[in-house]
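After the structure tokens below, expect a handful of questions from me.
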Amino acid sequence: MNRTLALLNATLVCPVAGVSKGGVLVAGDRIAATGLFEVPEGAERIDCKGKLLAPAIVDLGVFAIDLPAFHAGGIVRVGLMPDQSPVLDNPGLVQRAALIGRPDLWIHPIAAATRGLAGKDLAEMAINREAGARAVGTGANWIADSGVMRKVLAYAGDLGLTVIAHAEDAGVAGAAVATAGETATRMGLPAAPAIAEPLAIARDLMLAEDTGAALHIRQVTTAAGFDLVRAAKRRGVRVTCGITPAHLFLSDIAMSDFRTFARLSPPLRAESDRQAALAAVRDGTIDVLCSGHEPRGPEAKRLPFADSDAGMAGAETLLALALGLVRDELVTIDRLFALLALNPAKVLGVPTGMLTPGAPADVLLLDEHAPWQIESDRLVAKAGNTPFDGLPVQGKVLRLFKGGATLV
């Protein structure tokens with residue numbers, strides 16, 4: 001593609017270079033220049049009218065490919081969880097997953113760490129890496145066998161792959177659908193204590209420290225979990241962690257009307273844990289903000305709470321909800337795009353997520369003040385199961401570019 005595109009008169013938001021005025025010059029599929037530059041003759045010009053120009057989002061850990069929802073939310077790359085049908089545990093499946101979205105969406109498969117995600121026999125990580133896997137993961141489950149998990153970390157570390165782990169001790173969590181506490185008791189729901197998360201995190205951190213491997217905990221949602229990650233980072237453990245907007249802005253009180261849109265994994269936590277999550281965003285303990293996109297239709301959600309499937313449609317609302325962190329002065333706008341783009345790209349080993357010359361021209365134009373209301377039946381996602389149904393938000397993607405090609 002030989003297109004030359006000049007995006008002019010913008011407010012540039014770059015996690016590396018900070019916030020500045022100017023533009024972005026795109027040549028082919030790469031950023032050629034930023035800031036103030038001479039526009040080449042024949043280049044296509046777009047006046048950004050002072051709006052925010054930022055790296056397009058890299059959504060780490062989605063469970064379904066949902067192109068309209070991704071593009072509406074400013075997402076052009078996703079880390080696809082191995083929990084597919086069939087499981088992404090062999091090179092043929094990994095390679096197919098890596099290619100099916102291009103050119104409009106780059107899918108970076110997270111290959112299963114164990115065969116069939118059963119937590120027993122290691123999958124062929126080296127071959128899966130050659131097929132396009134950018135990381136290996138435990139999926140939506142925890143590997144209970146510590147010996148197996150140590151082998152996963154050691155093998156992945158030798159291959160230069162990050163292990164993306166789900167942190168929830170299954171022996172404690174059991175069949176729980178809620179966090180133990182007043183809300184779960186009042187609703188009569190099967191519940192497990194929040195300690196199921198830090199128990200899992202503590203073990204995995206110790207194994208990561210022992211092996212020297214890179215560990216990414218896909219979602220940390222408890223105060224005790226954040227304390228463990230914070231301390232491990234101080235010791236030099238190669239650990240990063242993520243969270244979704246649901247666990248930043250909602251507590252278990254959101255389940256009170258039995259609405260299954262609030263049935264999530266991990267379950268919503270106590271208000272004290274939610275406040276700890278906001279503090280962890282502020283102090284840098286949390287590295288990645290992700291959507292956890294898992295659209296579920298009526299057949300999975302129009303059931304009694306305990307019988308419904310966990311999951312939420314989060315891709316379309318991720319950016320608008322995340323901008324609330326900026327308005328609440330928890331993070332700066334450039335730091336927000338580190339959480340949304342640069343840091344998840346680093347976990348996956350993909351050189352993107354910044355507005356610098358030579359980087360892929362994955363860019364979004366954003367009106368951060370544009371008001372709209374989240375309505376589940378008007379989302380373009382495959383299903384609208386969002387716990388934020390009815391919430392007024394601000395922030396709309398005006399234009400979206402993947403490798404210099406216009407998507408929106």
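The values are calculated or read from the model by the stated rules, or taken from the named source; none is laboratory data. Bear in mind that the values here come from a model prediction, so they are computed numbers and not experimental data. Note that each Cβ is placed from the backbone with ideal geometry, even for glycine, and that neighbours are counted across all protein chains shown. What goes into the accessible areas is simple: the full protein's heavy atoms, side chains included, and nothing from ligands, DNA or RNA. Shrake-Rupley method; radii C 1.70, N 1.55, O 1.52, S 1.80 Å.
Using a basic spin-label model with each label point 7 Å from the Cα along Cα→Cβ, how many nm lie between residue 9 and residue 282?
Between residue 9 and residue 282, the simple spin-label model gives 3.9 nm.
Next up: What is the sum of charges, Lys and Arg at +1 and Asp and Glu at -1, for the other residues whose Cβ falls under 12 Å from the Cβ of residue 167? Working shown, then result.
Working: positive: 203, 218; negative: 168, 169, 197, 204.
Around residue 167, the surrounding residues sum to -2.
Counting heavy atoms of the protein chains only and a 1.4 Å probe, report the per residue accessible area for the chain as a whole number of Å².
Details: 15700 Å² over 408 residues.
Ligands and nucleic acids excluded, the figure is 38 Å² per residue.
Also, quick follow-up: Along the charge dipole of the chain, Cβ charges K/R +1 and D/E -1, which of 32, 407, 148 sits furthest on the positive end?
Toward the positive end, the furthest listed residue is 32.
When the chain is modelled as a GNM with alpha-carbon springs shorter than 10 Å, which of 219, 373, 394 fluctuates the most?
Most flexible of the set in this elastic network: 373.
Enumerate the residues in region 222-246 having an amide nitrogen under 11 Å from the point lying 7 Å beyond the Cα of residue 328 toward its Cβ.
It comes to 245-246, nothing else.
Which net charge results when you count Lys and Arg as +1 and Asp and Glu as -1 among the other residues whose beta-carbon is under 12 Å from that of residue 200? Don't jump to the answer; show the numbers that get you there.
Working: positive: 203, 218; negative: 168, 169, 197, 204.
Here the count lands on -2.
Based on alpha-carbon centroids, what's the gap between region 45-59 and region 232-266 in Å, whole number please?
Result: 29 Å between the Cα centres.
Pop a pseudo-label 7 angstrom from the Cα along the beta-carbon direction at both residue 17 and residue 144 and give the gap in nm to one decimal.
5.2 nm
I need the GluC sites (Glu not before Pro) found in region 322-408, filtered to DSSP loop residues with at most 15 other beta carbons within 10 Å of theirs. Please report the intermediate quantities before stating the final value.
Values: sites: 329, 368, 375; in loops: 329, 375.
Qualifying residues, ordered by number: 329, 375.
Eigenvalues of the Cα gyration tensor times 5, then square-rooted: what semi-axes does that give for region 247-288, in whole angstrom, largest first? Mind dumping the intermediate values first?
Details: eigenvalues 98, 21, 8 Å².
With the √(5λ) rule applied to region 247-288, the semi-axes are 22, 10, 6 Å.
Let me ask another. For the pair residue 185 and residue 39, what calculated FRET efficiency results from E = 1/(1 + (r/R0)^6), where r is the Cβ-Cβ distance and R0 = 60 Å, to the nearest 0.05? All intermediate terms of the calculation are to be shown ahead of the outcome.
Details: r = 64 Å, r/R0 = 1.07.
Once the sixth-power term is evaluated, E becomes 0.40.
Still on this structure, I have one more. Report which label in (i) 21.3; (ii) 18.2; (iii) 23.2 holds the value of mean projected area of the Cα convex hull in nm² derived from the coordinates of this structure.
Read-out from the structure maps to (ii).
Between residue 67 and residue 257, what is 0.36 nm times their sequence separation minus the Cα-Cα distance? Round to one decimal in nm. Numbers along the way, then the final one.
Values: separation 190, 0.36 × 190 = 68.40 nm, distance 3.13 nm.
Separation in residues times 0.36 nm, less the Cα-Cα distance, equals 65.3 nm.
Next up: How long is the gain from residue 398 to residue 302 if the chain were fully straight, where each residue apart is worth 0.36 nm and the alpha carbon distance is subtracted?
Values: separation 96, 0.36 × 96 = 34.56 nm, distance 3.39 nm.
Fully extending the segment from residue 398 to residue 302 adds 31.2 nm.
Could you please state how large a percent of the accessible area of the chain is carbon and sulfur, counting protein chains only and using a 1.4 Å probe?
On the way: 8150 of 15700 Å².
Here it works out to 52 percent.
Right, next: Hey, which lysines would be in cross-link range of residue 402, C-alpha to C-alpha under 27 Å, not counting anything within fewer than 8 residues on its own chain?
Answer for residue 402, where 27 Å is the Cα cut-off: 21, 49, 51, 346, 382, listed by chain and number.
Measuring from label point to label point, each 7 Å out along Cα→Cβ, what is the residue 272 to residue 126 span in nm?
Computed distance between label sites residue 272 and residue 126 equals 4.9 nm.
With +1 on the Cβ of every Lys and Arg and -1 on the Cβ of every Asp and Glu, and nothing else charged, how large is the dipole of the chain about its Cα centre, in debye rounded to the nearest 20? All intermediate terms of the calculation are to be shown ahead of the outcome.
Details: 39 positive and 43 negative charges, 106 e Å.
That gives the chain a dipole magnitude of about 500 debye.
Longest span of the chain, sites excluded, free of trypsin sites (Lys or Arg not before Pro) in DSSP loop with at most 14 other C-beta atoms within 10 Å? Don't skip to the answer; put the middle values down first.
Details: sites that count: 49, 120, 302.
Maximal segment without exposed cleavage sites: 121-301.
Net charge near residue 8, counting Lys/Arg +1 and Asp/Glu -1 over other residues with Cβ under 13 Å of its Cβ? Don't jump to the answer; show the numbers that get you there.
Details: positive: 21, 45, 49, 51, 399; negative: 38, 44, 47.
So the surrounding residues net to +2.
Give, in nm to one decimal, the length gained when the segment between residue 172 and residue 100 is fully stretched (0.36 nm per residue of separation minus the Cα-Cα distance).
On the way: separation 72, 0.36 × 72 = 25.92 nm, distance 3.82 nm.
Net length gain for the segment: 22.1 nm.
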